[in-house]
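Chemist: Structure provided below as structure tokens; questions to follow.
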Amino acid sequence: MSQEVYEVTIWARGVFQDMEGRHATLLMANAADLGGQFVQAWDDYADLPDRVGVPLRKYVRLSDEEIEMRFVYVNNNPVLVMIMDDTIVKGLNILRGMPQGGSLVVNTKRTPEEILAFIPNKELLANIVCVDASGLAADTDIDFMGSEGGVEVAAVGAGISAPLVGAAAKVCDKFTVENVVKVASNKDAVQKGYDTAQVKAL
Amino acid sequence: MSRFIIPKHLEVPLGACLPAPVKEQPGMITGNWRTERPVIDHEACTTCLNCFIFCPDACWHLDEKTEQMVWNADYCKGCMICVNECPANCLSTVNELEFPDGVVRLEKPF
Amino acid sequence: MAKEVFYSGCAAAAYAAKDARVEVISSYPIRPYTGIMMELSKLVANGELEAEFVLGEGEHAQVSIAYGASAAGARAYTGSSGVGVTYAMECYSPAAGGRLPCQMAIADRALDPPGDFGSEHTDVMSARDQGWIMGWAESPQEVYDNTIMYYRIGEDHRILLPQFCCQDGYFVSHIPGKMQMEDQKAVDDFLPPYNHPHTLDPTKPINHGPQIFPDQGSAINVQRAVAFDDVEAVIEEVVTDYNKAFGRNYSPFVDEYMMDDAEICFFLQGGHARTARFAVNHLRKKGIKVGVARLRFMRPFPTQAVAESLSKVKAVGVIETNTSYGGVTRGGNIAPESRAACYNLDNRPIITSFMAGLGGEIVTLNEFYAMARVLSDSVKSGKANDSYWMNFEKEVLDTHS
């Protein structure tokens, strides 16, 4: 009796990437919403972002129907995992719980092979997407009020979240890059992220 | 006699009181907070112990036998205070992905 | 202009307080309600809300400031969670007894020990005897709506009581949902400015809380009893008006879902009702006649409305997300009150309680199915336990598949 919910987990680093991590969830959710999906987008409750470098999780859940189990603490089975800093591959089992055939999107200047060398359970992946998001978008302000339920002040999708979600649109059929461009503030970066992303099928 | 059955995975210590960590806290590994790590040139190092003194996470210590500084990959957060404070300039900052070792790989953040 | 937004319960409370034109905000940080104060401080700092934003040195100071401001003639707003709520315990009775209608936003948090941010209603339930109005929202939209409605209920001159506007910590306070924020003018039309019969005024000095002799005690207490006699009528008026003004569909006291032909039901307050309704949809497909009754006010406990609602079924499962150790059902607080509400019915339903969601645990669809099985069995056998602790009872562990 279990509902089909498409789970996304985004990993970001504390203080400097907290806002971009949250903006990535909002870009995906808003774009999917334009496409008629039912959406949830929120920050992990226990991963407090006010510590520089701490790994943080942000979540998106998308479904064709209204989501029934709305109140969850983590996404246990993410189909799409996005990491905003490539060194995160060494620190955590980021593919934990991924069903067979999922996708990984990485913000990196390195090649997919270099990243995959650090992932022992890479056989879960159908593909990996590498995009140099930090090269495509400038650093943005620090604002972690959103992780405590506050409202975003800065325009959503101005920094690295834009090219990363653009790149994710290449492997996720729940939202289109056109809709991401519509909802993002840095529309160029979304398109460039989509265009320059290297997708390697596994 | 209470009617309750406590499943194994829900057994917790009485009053939620735990033994306190003494030398390290393996329940709070922080090595995965860093994006880069300090790399030491042992030849240039004078064992002045500045890195040991200044490290906020006690990640440098002097190995008495080898007389060399030893770095703790499990807890170093990559703050680079040691690099900043080293008077011999024997510490440099290198991106973490340059090293196949030092993988923390936690199942969950904590 | 009304605006559709995607806000958390914390943001909803903050913006509702802004639209309610609160004048004094008294704050102190504690998760998970803290987001409300963070958002309000932002609004005050950038001039969007003209209010005094005060930082108390603790929750006890925080609530004292709020009712002091209320006594001085300001619409006052404060809030807390978990042990912060219990730290301010001394202040609740003076605020209610002094008839000072400030509002306290509660985003629930389990009480210590140990440190747990998860939602549990015990924190503010422990203050339910103090004379405040108290009710739970199930969504950010309802948090927004309740904030505005509660001020009108509390400030009504027939009532003049402070209010706890509650929401589940994290589930409602931190997970955003789509909601509508209303036009400021429309809110102003619905909620008139605060005025109190006797505010602190240097030209007309008054005494708050003078010393009395015990033989005047009952006279002081009966005043609040009178207010609570009148409050249900005021709540019905206010909710009806709000529904009309803003196109909502709230029942004043008990929100019913598929209750009319139900044989068993889930009875609860707060966010888990949303999951319960989906569970009901699935169970109904299997031919099980189950419904959900959601309690919107814990104080005043709507005795009549609850009796009417629960009398429709043969067995009621109260989902208690609160604890009352050693209480009559060895469970929580809602089941004993529900049983008392049904005491005079000719056909009392079986009323049992399920201790679920404690400490902020998720209440899953599977747990609701296990509860339904226990309730159906109780209809057949004619009896049930006083309480079932979801993870720890043989009957529940057996049905939980």
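The values are calculated or read from the model by the stated rules, or taken from the named source; none is laboratory data. All of these numbers come straight from a predicted model, not from anything done at the bench. Glycine gets a Cβ as well: all are built from the backbone with ideal geometry, and neighbour counts include every protein chain shown.
Chemist: Just to confirm my filter: which helices (runs of 4 or more DSSP H) fall fully inside segment C:1-104 and include at least 3 residues that are in the same structural domain as C:Gly209 (by TED's automatic domain parsing) and polar (S, T, N, Q)?
Modeler: Filter on segment C:1-104 gives C:59-71.
Chemist: When you go through C:Arg224, C:Arg248 one by one, which is the residue that is surrounded by 13 or more Cβ atoms within 10 Å (Cβ to Cβ), modelled with pLDDT of 95 or more and not in a helix (DSSP H, G or I)?
Modeler: Being surrounded by 13 or more Cβ atoms within 10 Å (Cβ to Cβ), modelled with pLDDT of 95 or more and not in a helix (DSSP H, G or I) holds for just one of C:Arg224, C:Arg248, which is C:Arg248.
Chemist: Looking only at segment C:140-168, which residues are part of a loop (DSSP other than H, G, I, E, B) and more than 12 Å from the chain's Cα centre (by Cα)?
Modeler: Passing the criteria: C:Asp156, C:His157, C:Arg158, C:Ile159, C:Leu160, C:Leu161, C:Pro162.
Chemist: Follow-up. If you take the residues of segment C:137-184 that are more than 14 Å from every other protein chain (Cβ to nearest Cβ) and aromatic (Phe, Trp, Tyr), which of them is surrounded by the fewest Cβ atoms within 10 Å (Cβ to Cβ)?
Modeler: Per the criteria, the residue is C:Phe164.
Chemist: Here's another thing I want to ask about it. On the given criteria, is A:Leu56 within 9 Å of chain B (Cβ to nearest Cβ), in contact (Cβ under 8 Å) with a residue 40 or more places away in the chain and in a strand (DSSP E or B)?
Modeler: yes
Chemist: Which one of the conditions (1) without any contact (Cβ under 8 Å) to a residue 60 or more places away in the chain; (2) assigned to a loop (DSSP other than H, G, I, E, B); (3) within 14 Å of chain A (Cβ to nearest Cβ); (4) of a type in the set (Val, Ile, Thr) does B:Val104 fail to meet, given that it meets all the rest?
Modeler: The one condition B:Val104 does not meet is (1).
Chemist: In segment A:95-202, which helices (runs of 4 or more DSSP H) lie fully inside it and hold 3 or more residues that are touching a residue at least 24 places away in the same chain (Cβ under 8 Å), of a type outside the set (A, V, I, L, M, F, W, C) and more than 26 Å from A:Val74 (Cα to Cα)?
Modeler: In segment A:95-202, A:187-196 are the helices (runs of 4 or more DSSP H) which contain 3 or more residues that are touching a residue at least 24 places away in the same chain (Cβ under 8 Å), of a type outside the set (A, V, I, L, M, F, W, C) and more than 26 Å from A:Val74 (Cα to Cα).
Chemist: Here's a follow-up. Just checking, does segment A:64-80 include any residue being at the interface with chain B (Cβ under 10 Å from one of its Cβ atoms) and closer than 30 Å to C:Gly270 by Cβ?
Modeler: yes
Listed here are the residues, each with its yes/no results for (1) outside any strand (DSSP E or B); (2) within 14 Å of chain A (Cβ to nearest Cβ).
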| residue | (1), (2) |
| --- | --- |
| B:Asn32 | yes, yes |
| B:Val39 | no, no |
| B:Ala44 | yes, no |
| B:Cys48 | yes, no |
| B:Gly78 | yes, yes |
| B:Val83 | yes, no |
| B:Val94 | no, yes |
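Chemist: Which residues, counting only those in segment C:13-67, are surrounded by fewer than 24 Cβ atoms within 10 Å (Cβ to Cβ), among the acidic types (Asp, Glu) and out of contact with any Lys or Arg (no Cβ under 6 Å at 6 or more places or on another chain)?
Modeler: Selection gives C:Asp19, C:Glu48, C:Glu50, C:Glu52, C:Glu57.
Chemist: Which residue pairs have Cβ atoms under 6 Å apart, sit 6 or more places apart or on different chains, and have a first residue in segment C:238-251 that is farther than 18 Å from C:Met179 by Cα and a second that is assigned to a helix (DSSP H, G or I)?
Modeler: C:Val238/C:Met149; C:Val238/C:Arg152; C:Val238/C:Ile153
Chemist: Right, another one. Could you please find all residues in segment C:251-278 being more than 14 Å from the chain's Cα centre (by Cα), in a loop (DSSP other than H, G, I, E, B) and either within 30 Å of C:Ala186 (Cβ to Cβ) or not assigned by TED's automatic domain parsing to the domain that holds C:Arg296 (or both)?
Modeler: Scanning segment C:251-278 gives a single hit, C:Ser251.
Chemist: Oh, and also: Can you tell me which of C:Glu256, C:Glu263, C:Glu320 is acidic (Asp, Glu), in contact with a strand residue (DSSP E or B) (Cβ under 8 Å, 6 or more places away or on another chain) and either within 14 Å of chain A (Cβ to nearest Cβ) or crowded, with 24+ Cβ neighbours inside 10 Å (or both)?
Modeler: Of the residues listed, the single one that is acidic (Asp, Glu), in contact with a strand residue (DSSP E or B) (Cβ under 8 Å, 6 or more places away or on another chain) and either within 14 Å of chain A (Cβ to nearest Cβ) or crowded, with 24+ Cβ neighbours inside 10 Å (or both) is C:Glu320.
Chemist: A further question on this structure: Could you look through segment A:1-49, keep only residues that are outside any loop (DSSP other than H, G, I, E, B) and among the hydroxyl-bearing types (Ser, Thr, Tyr), and pick out the one that is farthest from the other protein chains (Cβ to nearest Cβ)?
Modeler: Only one residue fits best here, namely A:Tyr6.
Chemist: With the requirement that a residue be under 26 Å from the mean Cα position of the chain (by Cα), surrounded by fewer than 18 Cβ atoms within 10 Å (Cβ to Cβ) and within 14 Å of chain B (Cβ to nearest Cβ), what does segment C:362-401 give you?
Modeler: Scanning segment C:362-401 gives a single hit, C:Asp386.
Chemist: Can you name the residue in segment C:76-102 that is closer than 15 Å to C:Thr34 by Cβ and among the aromatic types (Phe, Trp, Tyr) and, of all such residues, is surrounded by the fewest Cβ atoms within 10 Å (Cβ to Cβ)?
Modeler: Looking at the filtered set, the residue picked out is C:Tyr87.
Chemist: Select, from C:Arg348, C:Arg339, C:Arg299, C:Arg284, the only residue that is crowded, with 19+ Cβ neighbours inside 10 Å and farther than 18 Å from C:Tyr388 by Cβ.
Modeler: C:Arg299
Chemist: Against the condition in contact (Cβ under 8 Å) with a residue 40 or more places away in the chain, buried (at least 24 other Cβ atoms within 10 Å of the Cβ), of a type in the set (Gly, Ala, Ser) and outside the structural domain of C:Gly118 (by TED's automatic domain parsing), how does C:Ala315 come out, does it pass?
Modeler: For C:Ala315, the condition - in contact (Cβ under 8 Å) with a residue 40 or more places away in the chain, buried (at least 24 other Cβ atoms within 10 Å of the Cβ), of a type in the set (Gly, Ala, Ser) and outside the structural domain of C:Gly118 (by TED's automatic domain parsing) - is met.
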